[in-house]
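A quick write-up on the structure given underneath.
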Amino acid sequence: MYNAFFQHTARGMFHTPALQQQGRELLFRGHQASTSTPAAHRETQPVRQPQESISNNRGSEQIEGTSQGQQPAQLAVKTVPGLVGGDHEHLLSSVSSLASQPGVMAPTIPIQTAPSTSETCLVSTQVMNSESALLFVQYEPQGVVAGQGQFFPTSAYACSQTTQTEVVQSPVVQTAGATPLHQQLKQLSLVHPQQFYQIPVLPQPVGENAVQAVSTGVSPIFFWTPQVQPVQAEQVSGQAATTSTVVAPAQQQQLYVQGGQQRAAYQTPTHMLQTPQTPQSPAQAQAESEARIVLANALLEAGSAALAMYHYKVALWMQQYMGGMHGVDVHLGMARCCMQMKDTVSAHRFYTEALAMRPNCAAAWTGLASLYIRVGDHPRAVLCYQEALSQAPGCTELYCALAASLKEQGRKHEAAACYQAVLALDPSNARTHATLAGLHFELGHIPEAIAGYQEALRREPTFPEACNDLGNALREAGRHQEAVNCYLACLQLHAAAATQHAQGAAASPAPHLLVYSVAITYNNLAAVLKLQGRADEACACYEHVTRLQPDSAEAFANLGNAFKDAAQQEQAITAYRQALVLRPDYPPVLGNLVHSLQCVCDWRERDALFLQLEGDIRRQLAAGLPSAVQPFHAMAYPLDSQIVLDLTVMHAHHAQLAADHLACGPFPHPPRAPLQAGQRLRLGYCSSDFGNHPLSHLMGSVFGKHNRSRIEVFCFALSASDGSEWRRRIEREAEHFEDVSALTVPQVAAKISSLGIQILVDLNGYTKGARIELFALRPAPIQVSYMGFPATTGASYINYLITDRVVAPPHLKHCYSENLVYMPHCYFVNDYRQSHQDVLMEHDLPSRTDVGLPEDKFVFSCSNQLYKFDPETFDTWCNILRRVPNSVLWLLRFPPFGEPRIKKEAALRGISPERIIFTDVAPKEVHVKRSGLADLFLDTPLCNAHTTGCDTLWAGCPIVTLPLERMASRVCASLCTAAGFGMEMVVHSQKEYEERAVVLGTNHAMLANLRAALKSTRMQCELFNTSGWVKDFDRAFLQMWHIHATEGKPRDFEVAPRPDARTAPMPVPVPVPSIPVPVTVPPSQPVAVVSGLAGGQGGGGGG
């Protein structure tokens, strides 16, 4: 079945002439190991080594653990395609997938006597560094009789770095009874313990049994490349069949019409090719007319509409000449000719003339409906189909056509009723079951869709499209492994059909359609593998699609996205560039390329690419399309604030369109009335990040700290549990926790509505795992954006954005579409006082030596992800290093591909690369502890340190930050201000940024005072007062509902500071002197003013 997949010769196995000869002896020893190749495939196969039978001189040799008289098993050798790379992971992935294919690697062996237990097949392939990878597959015989049998893989073993000499000199592997195969291999010294792996193999059923593969077990992934022989013109009576021309010999005309498996021949008298003569009798006219109609029908089917029209007109003339004959069929034929020639005006005339002759002609009504569909008039097409059905009420084709037209108008429920009528007439119609299931899928009725596809497959087990679509429905239901198995079964059904065609047992699909279908299935498979976290396998599937469709820009775009999601930015960049070669005007790919380049700090084309990207954004917005740039990526781009707002609004609008397409709702809301005494506000949180994620690290204790006498909290988890301590904590402490990850968007919305949620908080925004369309359905009367996405959502269905007066000062209100809620201190909550008390115990902190930092140098640091860097800020950093002697810059290797580029950029600016020190990403608790080892943190202006900023301040390390316009560029300023050090750490220009860092880097006494002050305020300042922050948050939500109940329309408002707050309410930072004067602070006193940098802004000490 999969012979086309193996297109490598046996020569690739060995690397020297001597080994090649030894390899041939091994390859041909004992029996013919090749699988039979159908005749239809042979000419497409590459030239292979000749194969012959050679006597096996080692047949009597004994392997330890076998009986002397036991019949040795045969040894089969096969080549497989070269593996990508030479590492063990690629080896295991490849051999595991290949071992799962019955009929691919199982050799066809002439069996003289049935083997007792198993056969062993040796598979070899060449990989990197001239190494050989070996795969041993153990097959269990099934249905074996003398002389023939089938084998199915039961286990596989792979090893690498085995010399060919060892293979050649080893005896043939024999069946060993109770001795496991891997023990035999070790006894043969073919493997080394460190190079030996056991791979589970699950047999994959083929053909009619493929549907049975749908289960919850893990199935190995395999790759298949369809090769379908092009359909050759069929030879009949010495003439080639044709679909578009007429072959006219001297005495007769033979027309062969080929469509699929159908072929018809029509014998036509020679005189029909000449000018028609006046008939001599009614019988002659009738015979001539019928012959012309038969010929015209054949010509029309062959695509010769103009010639068919001529013969229809002659037939009509014959009928009209003699009188009394009905011309309806001729008019219908002429109308079809006009439709084929795209003359809809004439076609309409002929159809209406036919209806004038026979008003109850269902064919005429059907043709007229097709015409209206052609011109886009579906309402009239529906009326015509309904009229046709009134004349032919049992015609299932008409019901299907009517359903398709209704669907085009968005009348999907009526379309579904039509398909149900078809099934009432023909319950065994698998195609209609699948089509109705597709409608259910589009309507969001996933259980009904799954049932429909399953019924279609029960009726027609070899229905690959239904198998693929069932996988899609299972994916939407969250049943990911079952979806994977469906896609694999679909691929095997395609392969089985191709094999049957090659053997002449089935009709052939068009080669390009088969390749397209297989590519679609691999795309779907890759998408689900990504959801399962199987990133490498997903990338492999997308790579296979690029081999199937090497000219497809979309295939390379998907591959780039997969690599990007797997943090393989270099490979992503290569794929994106190839997509742009294939399609230069491809804005989404350009946007992803720019982001990937940003992630690895490749700034060589930065200015030109951003100029091109901005042009694409403007053109897409003008056309009403979502932009090439995702809102989350735009946060770190040097784009105008209005453009960013516009592109975000457009994304929100398209989310609304997607929600409208779900055709559900509106959902009922709780009454708009003030809360009564004792009544609690129902507050819901939606997030896909309840787990080991920064959001849960920051908000872990928030959900359980709400005032339960006033607020009832519901957490709706959009992702399944990751089993982490953070997930378990939220599940335990939240009053209500609902895992809705397996529900569809309409089902989640219905659940939220049924629970009477009054305020619904989106903790995702446009981040990974978000379901923004859920909020577009408006399941709650008040909807709020918070935390996950530090920017405007641009959504009319999001009423409020939680902010403060530093991240969103009133003069920047134009950057937001929402009403703003101003928290009295920092809007950004954290859980450090509860979760990271150990950081306060300095004796238990790591040393610089522990993390690879020099003890005797001034350490500037920035542990932001590299995508937040920009060349202007890096210029400033290099200037700082140049001006601060004996200093280094400590960065995070996130992602690692950026490290060599950063060091090269430093060298270009005259800074030794040795002064740039990278460190690996560490677990959260380790990262927070080591953050305080730096002397000064240098923030990134375009997109600040957010969670990282909290890490740094809690660890006692000061920050220099430069706020710009947008929210993501102002968060760190808010953090520093809430900690009580806005005036000391917040600057207002790149020049001031550089000067502040240099002053703190050279005035060690000033820096020491600042560090001491920061450390002394950690347990008192409002930034780390989680309980106080939640009290403010409660009051914000209660105020939202009060405004809704009494005023009806949301508006901006500010939450008043609590009387017990220890830090003053958030001011808007003002410029500070560029040359500070240090002030010594007695260590025994609470810190109020740290240095001359603090122009009146109080610290966080005391009560």
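The values are calculated or read from the model by the stated rules, or taken from the named source; none is laboratory data. Since this is a predicted model, take the numbers as computed values, not measurements. No Cβ is skipped: glycine too gets one built from the backbone with ideal geometry, and neighbour counts run over all protein chains shown.
Mind telling me which of the residues VAL807, VAL859 ends up being surrounded by 18 or more Cβ atoms within 10 Å (Cβ to Cβ), of a type in the set (Val, Ile, Thr) and more than 26 Å from PHE632 (Cα to Cα)?
Details: VAL807 fails: more than 26 Å from PHE632 (Cα to Cα).
The unique qualifying residue is VAL859.
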Some residue of the stretch 1003-1018 being within 20 Å of PHE874 (Cα to Cα) and in the same structural domain as CYS878 (by TED's automatic domain parsing): no
Residue under evaluation LEU611, criteria (1) surrounded by fewer than 18 Cβ atoms within 10 Å (Cβ to Cβ); (2) within 28 Å of ILE757 (Cα to Cα), criterion not met: (2)
Single match in ALA347, ALA298 (criterion: touching a Leu at 6+ places or on another chain (Cβ under 8 Å), touching a residue at least 40 places away in the same chain (Cβ under 8 Å) and surrounded by fewer than 24 Cβ atoms within 10 Å (Cβ to Cβ)): ALA298
Residue that is out of contact with any Asp or Glu (no Cβ under 8 Å at 6 or more places or on another chain) and either in a helix (DSSP H, G or I) or among the polar types (S, T, N, Q) (or both), where the choices are LEU474, LEU457: LEU457
Members of the stretch 722-732 that are within 19 Å of HIS480 (Cβ to Cβ) and either over 28 Å from the mean Cα position of the chain (by Cα) or surrounded by 14 or more Cβ atoms within 10 Å (Cβ to Cβ) (or both): ASP722, ARG727
Test: ALA381 is closer than 30 Å to GLN454 by Cα and within 39 Å of the chain's Cα centre (by Cα): no
Options GLU984, GLU1054; residue that is surrounded by 24 or more Cβ atoms within 10 Å (Cβ to Cβ), under 28 Å from GLN834 (Cα atoms) and of a type in the set (D, E, K, R): GLU984
Those residues of the stretch 821-849 which are aliphatic (A, V, I, L, M), assigned to a loop (DSSP other than H, G, I, E, B) and closer than 19 Å to ALA973 by Cβ, in sequence order: VAL829
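If only one of PHE714, PHE703, PHE667, PHE632 is in contact with a Phe, Trp or Tyr (Cβ under 6 Å, 6 or more places away or on another chain) and either touching a residue at least 24 places away in the same chain (Cβ under 8 Å) or not in a helix (DSSP H, G or I) (or both), which one is it?
Details: PHE714 fails: in contact with a Phe, Trp or Tyr (Cβ under 6 Å, 6 or more places away or on another chain); PHE703 fails: in contact with a Phe, Trp or Tyr (Cβ under 6 Å, 6 or more places away or on another chain); PHE667 fails: in contact with a Phe, Trp or Tyr (Cβ under 6 Å, 6 or more places away or on another chain).
When all the criteria are applied, what remains is PHE632.
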The lone exception for ARG547 - which of (1) part of a helix (DSSP H, G or I); (2) surrounded by 18 or more Cβ atoms within 10 Å (Cβ to Cβ) it fails: (2)
Test: ASP616 is crowded, with 18+ Cβ neighbours inside 10 Å, of a type in the set (D, E, K, R) and either under 19 Å from PHE789 (Cβ atoms) or more than 22 Å from the chain's Cα centre (by Cα) (or both): yes
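So which strands (runs of 3 or more DSSP E) are wholly in the stretch 851-928 and hold at least 3 residues that are more than 17 Å from ALA945 (Cα to Cα) and at pLDDT 95 or above? First the steps, then the outcome.
Values: elements: 858-862, 887-892, 916-919.
Those strands (runs of 3 or more DSSP E) span 916-919.
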